[in-house]
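Student: Just dropping this structure here.
The values are calculated or read from the model by the stated rules, or taken from the named source; none is laboratory data. What you see is a predicted model, and the numbers here were worked out from it, not measured in a lab. A quick note on method: Cβ atoms are made from the backbone with ideal geometry, for glycine too, and the neighbour counts reach across all protein chains shown. For accessibility, only protein heavy atoms count, side chains too; no ligands or nucleic acids. Shrake-Rupley method; radii C 1.70, N 1.55, O 1.52, S 1.80 Å.
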Amino acid sequence: MAVLQKIRQRSLLLILVIGFCLLAFIIGDIFNSGGFSSTSKYIGTVNGKDISFEEFRVKVSNVEKSGQQGMTSMQAVNRVWDQEVSIALLTAEFDKLGIQAGEKHIMEALKMDQNIGQNPLFQNAAGQFDLAKFKEYFKSNPEQAQYIKDREKDADLNAKYQIYNAMVKGGLYTTEAEGKMKYEMEANKLNMNYVAVLYSSVKDSDVKVSDAEITDYMKKNEKKFKAESGRELDYVVIEDKASAEDEAEVKTKVNGLLTGSVVYNQETGKNDTLPGFRGAVNIVDFVNENSDIPYDSTFTAKKDLPAEHADALFALAPGAIYGPYMRGPYYCISKSMGRKAGANAKASHILISYEGTQVPNKKEKRTKEQAKAKAEMLLAQVKANPTSFLMLALTNSDDSSAQQGGDLGYFAPGQMVKPFNDFVFGNPVGKIGLVETDFGFHIINVTDKQDAIRLATIAQKIEPSETTTDKLYTQAVQFEMDANEKDFDKIAKAQKLTVTPAVKVKEMDEVCGGLGPQRQIVRWAFEKGTNVGDVKRFEVANMGNVIVKLKKSTDKGLMAVEDARPSVEPILKNKKKAALLMAKMKAGSLQAIAQASNTTVQQAIDLTLENPNIPNAGPERKVVGTAFAIGVNKVSAPIEGNSGVYVVQPTLITKAPALKNHADYVNKVKSQVQSYTGRVIPALKEDADIEDNRSKFNY
């Protein structure tokens, strides 16, 4: 009673406290969910142009509904994002250039859509697209107006892009001067003497490159070393796999099925002896009652049996048993239910089709009578010379098997149309004949037949028991708790678990190292509350528990020094080596320079700017270009090349004969330039200010 009295006295205070907590929870949720965030309506921005989240979501849903095989939700998100960024960039270019698409351009783009251009509703009697019928349809069916409005938006954009692309291509012309330069780069030739001291002659330990020098180099070449925000993860996997006890239990159970068992019958009060696999009367029921894989009545060729057991299984006499044996994760015993001769067949054919048959892409139009006459002529040729079948199929058959010389591979009864099936399975190997089907006339060659065996197989999957799964779960939870307080690697080592280190992911990645698509792990790594050193456990289907540690976090900007070092350090080391070598290569003649550098004078002949490969050194365009420029018999200053430092002395420069026309070389340059249109969008993206908010919408 005293306690109740106190509660009554303080009820107002209690209500206020509860109300305050609820209000704090709601306000916190609003802030955490982006309720007051400026980006709550926008999935991102491109050069200040917002991309609506709602429109983005609908487009992602449409891509997912399109049902493209193997596409994950994240792949759909990334595809739509790339499209939206490209559209935003291109639309800005269209506006800047004043590109407009007229009705004619839009209609041409609409006709590219098969649902419009190939739709009989919009075609005239000749099967051609009819603009008048198209307009009349939507005038008579106003409820379809929204459909065409949506299509027109896409068509307008596509039409503008075609105009823009044509303008870009128009700007990518090749001049006669460029053709002439290409010709001279290929045909002007150079012989020279030179001294080369390679960078490899200086020990790496003699030149050091500091972090500051790498950072300075990256700043000077900022575009090359831009980095998105990233995370580096370590993880261990505690697999949800069967224990030795689980395996032993399954094996004992399967082995016990071979012989009979004694079971107490409650109705009779006596023990009944049940037959085992060896003596079971109804094998089909016995398999279905005791196997994880139902009874399969089909005959199986030897090539389709598990390779390591194929010989033994295929040799089984009817009623004989093989096993136990492992087949993947299954522990099996198999009983032969008999064999069948010629169960599968292999054949080749030459198909001669005619107008009205079911075969598309006919090589030539012909009547049924013409097709029959041709087929009979080919049959006579093949019978006279069976070795000619392959070549005749390649050159005459009207279906895709022509590319394989008519070979159709192995097939079972019923897989081919009846007349074809009956001929193949009703004739011996080597029989050649003519058959007519709905596809046309077939010249058929029966090339092989396979015997097959029917097996009754009891297969029980070895998988973790509930006890094992609970034990592994407990181990994973304990690992997560310990790793949040102690050393991750030491705990893993103590439990004999392998740590997969340095898995690098970006914010919108889906794949997480060898774990495959694991968006949940990547998302956690980038969450606001996740800090370096944090550990979290994830349950992964068909794998088990994955315990992940956030090892490193990098922000958007310049690449981390340790990531850039492998590519930048050799460049900077070579520059330092070049400075050391150049100081020793300032004597007058090549002989003096060679002597000072402890090397020899070498010769190179027939060098060109297009093929500037110096013997024992590799491609050195800068060196060869300098040699062409300084003139014959002059000694160059030391030249910093790709592989070392060079001093050169040209001995002969042979100018190419003058040409009146450089059309062939203009075309060579033009063929290289044609691919440049594909660089437009990447170039626009590189210079754009793109803000990506997808991760804030739980993508």
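Student: Going by the conditions given, is PRO566 of a type outside the set (D, E, K, R) and free of Cβ contacts under 8 Å to residues at least 12 places away in the same chain?
Tutor: yes
Student: Is it fair to say ALA456 is modelled with pLDDT of 95 or more and under 39 Å from the mean Cα position of the chain (by Cα)?
Tutor: No; evaluated as a whole, the condition is false for this residue.
Student: For SER675, are the conditions met, namely being among the small types (Gly, Ala, Ser), closer than 19 Å to MET181 by Cβ and not in a loop (DSSP other than H, G, I, E, B)?
Tutor: Against the criterion (among the small types (Gly, Ala, Ser), closer than 19 Å to MET181 by Cβ and not in a loop (DSSP other than H, G, I, E, B)), SER675 does not qualify.
Student: Moving on to the next point. Of everything in the stretch 622-657 that's of a type in the set (D, E, K, R) and touching a residue at least 40 places away in the same chain (Cβ under 8 Å), which residue is most open to solvent (accessible area, probe 1.4 Å)?
Tutor: Filtering first and then ranking leaves LYS655.
Residues checked against (1) in contact with a Phe, Trp or Tyr (Cβ under 6 Å, 6 or more places away or on another chain); (2) surrounded by 14 or more Cβ atoms within 10 Å (Cβ to Cβ); (3) assigned to a loop (DSSP other than H, G, I, E, B):
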residue: LEU659; (1), (2), (3): no, yes, yes
residue: VAL666; (1), (2), (3): no, yes, no
residue: VAL669; (1), (2), (3): no, yes, no
residue: PRO682; (1), (2), (3): no, no, no
residue: TYR699; (1), (2), (3): no, yes, yes
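Student: Then there is this: In the stretch 571-598, which residue that is in a loop (DSSP other than H, G, I, E, B) and closer than 23 Å to VAL632 by Cβ is least open to solvent (accessible area, probe 1.4 Å)?
Tutor: Here the answer is MET585.
Student: So, in the stretch 510-526, how many residues would count as being over 21 Å from the mean Cα position of the chain (by Cα) and either among the acidic types (Asp, Glu) or under 11 Å from TYR235 (Cβ atoms) (or both)?
Tutor: The number of residues fulfilling the criteria is 1.
Student: Only residues that are among the β-branched types (Val, Ile, Thr), within 30 Å of LYS576 (Cβ to Cβ) and touching a Gly at 6+ places or on another chain (Cβ under 6 Å): list them for the stretch 630-689, please.
Tutor: Selection gives nothing.
Student: Next question. Is at least one residue of the stretch 353-370 touching a residue at least 24 places away in the same chain (Cβ under 8 Å), at positive phi and open to solvent by 60 Å² or more (accessible area, probe 1.4 Å)?
Tutor: Yes, the conditions are met somewhere in the stretch 353-370.
Student: Filter the stretch 599-613 down to the residues that are open to solvent by 60 Å² or more (accessible area, probe 1.4 Å) and within 25 Å of LYS668 (Cβ to Cβ) and list them by number.
Tutor: Hits for the stretch 599-613 are ILE605, ASP606, GLU610, ASN611, ASN613.
Student: Further question on the same structure: Does the stretch 106-120 contain at least one residue that is within 28 Å of ILE690 (Cα to Cα) and surrounded by 17 or more Cβ atoms within 10 Å (Cβ to Cβ)?
Tutor: No, every residue in the stretch 106-120 fails to be within 28 Å of ILE690 (Cα to Cα) and surrounded by 17 or more Cβ atoms within 10 Å (Cβ to Cβ).
Student: Which of (1) more than 24 Å from the chain's Cα centre (by Cα); (2) closer than 24 Å to ALA242 by Cα does VAL429 not meet, given it meets every other one?
Tutor: Failed condition: (2).
Student: Can you name the residue in the stretch 335-352 that is out of contact with any helix residue (DSSP H, G or I) (no Cβ under 8 Å at 6 or more places or on another chain) and of a type in the set (A, V, I, L, M) and, of all such residues, is most open to solvent (accessible area, probe 1.4 Å)?
Tutor: The qualifying residue most open to solvent (accessible area, probe 1.4 Å) is ALA341.
Student: On the basis of being exposed (fewer than 12 other Cβ atoms within 10 Å of the Cβ) and within 33 Å of the chain's Cα centre (by Cα), does SER695 make the cut?
Tutor: So SER695 fails the test.
Student: Any chance you could count how many residues in the stretch 371-397 are open to solvent by 30 Å² or more (accessible area, probe 1.4 Å), in contact with a Gly (Cβ under 7 Å, 6 or more places away or on another chain) and either without any contact (Cβ under 8 Å) to a residue 24 or more places away in the chain or among the aromatic types (Phe, Trp, Tyr) (or both)?
Tutor: 1
Student: State which residue pairs qualify: first residue of a type in the set (D, E, K, R) and inside the stretch 286-306, second residue surrounded by fewer than 19 Cβ atoms within 10 Å (Cβ to Cβ) and not in a strand (DSSP E or B) in any location, beta carbons under 7 Å apart, and separation of 6 or more residues or different chains.
Tutor: Pairs that qualify, where the first residue is of a type in the set (D, E, K, R) and the partner is surrounded by fewer than 19 Cβ atoms within 10 Å (Cβ to Cβ) and not in a strand (DSSP E or B), are LYS302/ALA310.
To keep it simple, each residue is scored yes or no on (1) open to solvent by 40 Å² or more (accessible area, probe 1.4 Å); (2) of a type in the set (Lys, Arg); (3) part of a helix (DSSP H, G or I).
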{"site": "VAL281", "(1), (2), (3)": "yes, no, no"}
{"site": "VAL287", "(1), (2), (3)": "no, no, yes"}
{"site": "ASP292", "(1), (2), (3)": "yes, no, no"}
{"site": "LYS303", "(1), (2), (3)": "yes, yes, yes"}
{"site": "ASP311", "(1), (2), (3)": "yes, no, yes"}
{"site": "ALA317", "(1), (2), (3)": "yes, no, no"}
{"site": "ILE333", "(1), (2), (3)": "no, no, no"}
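Student: Ok, one more. Could you tell me whether ASN616 is in a loop (DSSP other than H, G, I, E, B) and open to solvent by 60 Å² or more (accessible area, probe 1.4 Å)?
Tutor: yes
Student: Go through the stretch 92-121 residue by residue and tally those that are in a helix (DSSP H, G or I), within 27 Å of ALA683 (Cβ to Cβ) and without any contact (Cβ under 8 Å) to a residue 24 or more places away in the chain.
Tutor: The total comes to 2.
Student: Take SER229 and decide whether it is polar (S, T, N, Q) and within 36 Å of the chain's Cα centre (by Cα).
Tutor: Judged against the criteria, SER229 is a match.
Student: Ok, one more. Of all residues in the stretch 551-563 being among the acidic types (Asp, Glu) and touching a residue at least 24 places away in the same chain (Cβ under 8 Å), which is surrounded by the most Cβ atoms within 10 Å (Cβ to Cβ)?
Tutor: ASP563
Student: Evaluate the following for ASP438: is it touching a Ser or Thr at 6+ places or on another chain (Cβ under 7 Å) and open to solvent by 60 Å² or more (accessible area, probe 1.4 Å)?
Tutor: Judged against the criteria, ASP438 is a match.
Student: Let me ask you something else. Please enumerate the residues belonging to the stretch 418-447 that are within 16 Å of ALA375 (Cβ to Cβ) and assigned to a loop (DSSP other than H, G, I, E, B).
Tutor: Correct list: ASP438, PHE439.
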